[in-house]
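> Once you've had a glance at the structure underneath, I'll fire off some questions.
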Amino acid sequence: MADTPAPTDSGAHPVAFVDQGRPNPARVFSALLGGKDAYSSDQIIAQRLLAINTFRVAIVEARLFLLRAVEHLVGDHGVTQIVELGCGYPNDPTVHEVARNQTPTARTVYLDHDPIVAGHARALMTGAGAVFVDADLTNPTDVLERIGSVLEPGLPTAVCLSGTAEFLPDAPAVLASLTSLLPDGTWLVFTQTAADLRVHEIDAAVAIWASAGISYRPRDREQVEQMLAPLQLLEPGLVTADLWRPDLAIVGVEDGSQVWPKPVVCCYAAVGQLRRR
C-alpha cells in the first residue's frame, strides 16, 4: 500500500529572531535529553538541572514513557493518528518514527507555538507521515481547529501532552477544555512532574527554572487525578513514568524478580481514553 501523502501546514512562516542570551524552555528541555541545538545560555541552565539527579531521571523516564505509550497504542489499540502537543525540539527517536515502526501508514501531527521550535520542527520533523502546525495550547478551540484540518475524522487518535503541562500557566483548565472538545474515544498520553515526591529536589529544579525567567509547575497526585478525571485509564492507571508498562529487560527482571531499589521517579504518567457514555 502506498503511503498517504503527508499533509502540509499552509501559511507564511516568518523568520524568528533568536535571542541567544535568553534561555528558551524548548532548547533547555532538548539539552536535558541530549539534544545539540541549545545555546550556551540554555546549556548553563540544563547543566544545573542535570546536576539534580532526581530531576534528570524524571525527564528521561517521562520521554521513555511517551515512546512506550505511542508504541503500545499504535501497535495494540489500532491508533493511526498521533498528536504531540507542545512538541518542542526533535529528539531521537521521534514520535512519528516510533508510530510508523508499528504501522507504516500512521500519521503524526506536531504542534507548538514557539517560532524557534517551529523552524526546527518544519525542517526535521516533517515528511512521510508527519506534519507541523502552529497553534497556541492556551487556546484549545484553535488547537482543535488546526489539528482537525490535517487529521482524518473518525480514525483512532491519540493526543500526547508530555513534558508540556509544567510550562502552561493553567494546565488543568487547558486539559479540561481539550477533553471537552475532543471526540469520544480519543486517547490521551499524559505526564506531569510530581510536586509531592522528593520535594526538596524538585523545588530546587523549580528555582533553577525561575532563575532563567521560566515558570515550571509540578503538581501533586491529587491534582493530576483531577485533571485526568474524564478519562478511563488504561492499566496500570496513574503511576510514576517508569512503572507504566516498562521494558522488563531494561528495568532488570530475572526469574520473575525485579531488581530494586530504583530511584524514585518524580513524574506521574497515564494513558486514558475519553468515554462519556
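The values are calculated or read from the model by the stated rules, or taken from the named source; none is laboratory data. Every value quoted in this text rests on a predicted model; they were computed, and no experiment measured them. For neighbour counting, all protein chains shown are included, and Cβ atoms are generated from backbone atoms with ideal geometry for every residue, glycine included. Remember, those area values only see protein heavy atoms, side chains included, never the ligands or the DNA or RNA. Shrake-Rupley method; radii C 1.70, N 1.55, O 1.52, S 1.80 Å.
> Leaving ligands, DNA and RNA out of it, report the carbon-plus-sulfur percent of the accessible area of the chain at a 1.4 Å probe. Can you show the working numbers first?
Working: 6780 of 12760 Å².
On the chain, the fraction of accessible area on carbon and sulfur atoms equals 53 percent.
> Given N residues in the stretch 176-246, what is Rg(Cα) / (2.2 N^0.38 Å)? If you can, show how the numbers build up before the last one.
On the way: Rg = 14.5 Å, N = 71, 2.2 N^0.38 = 11.1 Å.
Cα-based Rg divided by the globular estimate yields 1.31.
> Ala229 to Ser40: extension gain in nm, 0.36 nm per residue of separation minus the Cα-Cα distance?
Values: separation 189, 0.36 × 189 = 68.04 nm, distance 4.08 nm.
My answer for the length gained is 64.0 nm.
> Within the stretch 150-181, which residues have the backbone N less than 11 Å from the label spot 7 Å out from Thr141 along Cα→beta-carbon, could you tell me?
None, by backbone N distance to the label point.
> Between Gln102 and His77, what is 0.36 nm times their sequence separation minus the Cα-Cα distance? Round to one decimal in nm. Working shown, then result.
Numbers: separation 25, 0.36 × 25 = 9.00 nm, distance 1.10 nm.
Fully extending the segment from Gln102 to His77 adds 7.9 nm.
> Can you put Glu225, Glu145, Glu61, Glu84 in order of accessible area, largest first, using a 1.4 Å probe? Walk me through the numbers before you get to the answer.
Numbers: Glu225 90, Glu145 120, Glu61 35, Glu84 10 Å².
Most to least solvent-accessible, the answer reads Glu145, Glu225, Glu61, Glu84.
> Another question about this same structure. Give the relative contact order (percent, whole number) for the stretch 178-234; include only Cα pairs under 8 Å separated by 6+ residues. Don't skip to the end; give the middle numbers.
Numbers: 28 pairs, mean separation 20.4, N = 57.
Rounded, it is 36 percent for the stretch 178-234.
> Which value, to two decimals, describes the C-alpha radius of gyration of the stretch 115-248 once divided by 2.2 N^0.38 Å? Intermediate values should be presented prior to the final figure.
Numbers: Rg = 16.4 Å, N = 134, 2.2 N^0.38 = 14.1 Å.
Cα Rg divided by the expected 2.2 N^0.38 Å: 1.16.
> Something else now. Quick one: the Cα spread of the chain along its three principal axes, in angstroms, biggest first?
Taking the Cα atoms of the chain, the three principal extents are 51, 48, 34 Å.
> Then there is this: Order 266-272, 190-196 from most to least packed using the mean count of other Cβ atoms within 10 Å. Walk me through the intermediate numbers first.
Numbers: 266-272: 26.4, 190-196: 23.7.
Taking the mean over residues of other Cβ atoms within 10 Å, the ranking is 266-272, 190-196.
> In nm², what is the average projected area of the convex hull enclosing the Cα atoms of the stretch 136-183? Mind dumping the intermediate values first?
Values: hull surface 13.7 nm².
Over every viewing direction, the Cα hull of the stretch 136-183 projects on average to 3.4 nm².
> Label-point separation (nm) for Asn53 and His200, each offset 7 Å from Cα along Cα-to-Cβ?
Result for the modelled spin labels: 1.4 nm.
> Just the number, please: percent antiparallel of the DSSP beta bridges in the chain, rounded to the nearest 5. Mind showing how you got there, number by number?
Numbers: 15 of 34 bridges.
Antiparallel bridges make up about 45 percent of those DSSP assigns within the chain.
> Just want to confirm a number: the relative contact order over the stretch 54-169, from Cα pairs under 8 angstrom separated by 6+ residues, in percent. Spell out each step's value before the answer.
On the way: 167 pairs, mean separation 36.1, N = 116.
RCO, the stretch 54-169: 31 percent.
> Given 20 °C and 1.002 mPa s, how large is the Stokes-Einstein diffusion coefficient of the stretch 52-193 in µm²/s, with Rh as the Kirkwood radius over Cα pairs? Can you show the working numbers first?
On the way: Rh = 15.2 Å.
The estimated diffusion coefficient comes to 141 µm²/s.
> Taking only protein heavy atoms into account and a 1.4 Å probe, give the accessible area per residue of the chain in Å². Mind showing how you got there, number by number?
Working: 12760 Å² over 277 residues.
Dividing the accessible area of the chain by its residue count gives 46 Å².
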